[in-house]
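Read the structure below first, then the notes.
The values are calculated or read from the model by the stated rules, or taken from the named source; none is laboratory data. Everything numeric here is computed off the predicted structure, so don't read it as measured data. Cβ atoms come from the backbone with ideal geometry, glycine included; neighbour counts cover every protein chain shown. Accessible surface is based on the protein model in full, side chains and every heavy atom, while ligands, DNA and RNA are left aside. Shrake-Rupley method; radii C 1.70, N 1.55, O 1.52, S 1.80 Å.
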Amino acid sequence: MSDEIKRIGRELVYRGAILSVYKDCVEFPNGNTADWDFIHHDGAAAVVPVMEDGRILMVRQYRNALDRETLEIPAGKLDAPDEPGLICSARELEEETGYRSENLEWLITLRTTVAFCNEKIEIYVAKDLILSHQRLDEGEYVDVKAYTMGELKEMIFTGKIEDSKTIAALLAYESKYL
């Protein structure tokens with residue numbers, strides 16, 4: 001079906017620090033056209049940091065879009081569109097939690113909102129954590145705490161954790177490793 005639908009126009013509407021917004025015009029096989037919103041994102045990586053006792057390190061941080069704090073796995077945008085997710089996830093692990101790891105393994109890749117955005121997040125599992133120190137960005141403040149998988153699942157299924165990458169990552173981790 002996609003061979004029959006073609007983009008016939010793309011107009012940049014806004015360019016921000018982490019995304020660009022476009023107005024696309026697409027044409028259908030019957031000749032009709034439609035305008036669609038498209039958000040370009042260079043990509044991100046995230047990590048499920050597993051402590052020796054099995055607890056998972058989580059970060060609590062303010063999210064402007066929701067105007068509140070959320071509980072999430074550590075994550076961040078790629079420094080460049082071609083940066084490997086493994087490198088980004090290792091960097092974000094240390095920046096946000098104060099731990100590093102030389103034992104990172106790919107878990108899953110997500111496309112967060114396929115209806116209008118091309119954001120891709122590669123998610124890794126970090127084991128054998130080594131205490132280092134946080135290296136937060138200037139505009140970043142996070143609180144780090146370890147939780148059991150049982151505690152995290154309870155928060156997912158009671159609506160206290162709503163972040164899609166975190167939910168997918170934690171349930172994928174449980175399915176693959178526990």
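The number of residues in region 138-178 that are β-branched (Val, Ile, Thr), under 19 Å from Leu66 (Cβ atoms) and open to solvent by less than 50 Å² (accessible area, probe 1.4 Å) comes to 5.
With the requirement that a residue be open to solvent by 80 Å² or more (accessible area, probe 1.4 Å), hydrophobic (A, V, I, L, M, F, W, C) and touching a strand residue (DSSP E or B) at 6+ places or on another chain (Cβ under 9 Å), what does region 42-87 give you? Hit for region 42-87 is Ile87, nothing else. Return yes or no: is Val26 over 17 Å from Asn118 (Cα atoms) and modelled with pLDDT of 95 or more? The answer is no for Val26. Considering only region 44-59, I want to know if a residue exists there that is at positive phi, in a loop (DSSP other than H, G, I, E, B), more than 15 Å from the chain's Cα centre (by Cα) and among the small types (Gly, Ala, Ser). Yes, region 44-59 has at least one match. Of all residues assigned to region 65-77, at least one qualifies as being closer than 16 Å to Val48 by Cα, touching a helix residue (DSSP H, G or I) at 6+ places or on another chain (Cβ under 8 Å) and part of a loop (DSSP other than H, G, I, E, B). Scanning region 88-109 turns up at least one residue that is touching a residue at least 60 places away in the same chain (Cβ under 8 Å), within 21 Å of Glu162 (Cβ to Cβ) and open to solvent by 30 Å² or more (accessible area, probe 1.4 Å).
Put simply, of Ile39, Ile18 the only residue that is open to solvent by less than 100 Å² (accessible area, probe 1.4 Å), modelled with pLDDT of 95 or more, closer than 30 Å to Ile123 by Cβ and of a type in the set (A, V, I, L, M, F, W, C) is Ile39.
Within region 140-156, residues that are modelled with pLDDT under 95 have Cβ atoms under 7 Å from residues that are β-branched (Val, Ile, Thr) and loosely packed, with under 15 Cβ neighbours inside 10 Å in no pair, counting only partners at least 6 apart in sequence or on another chain.
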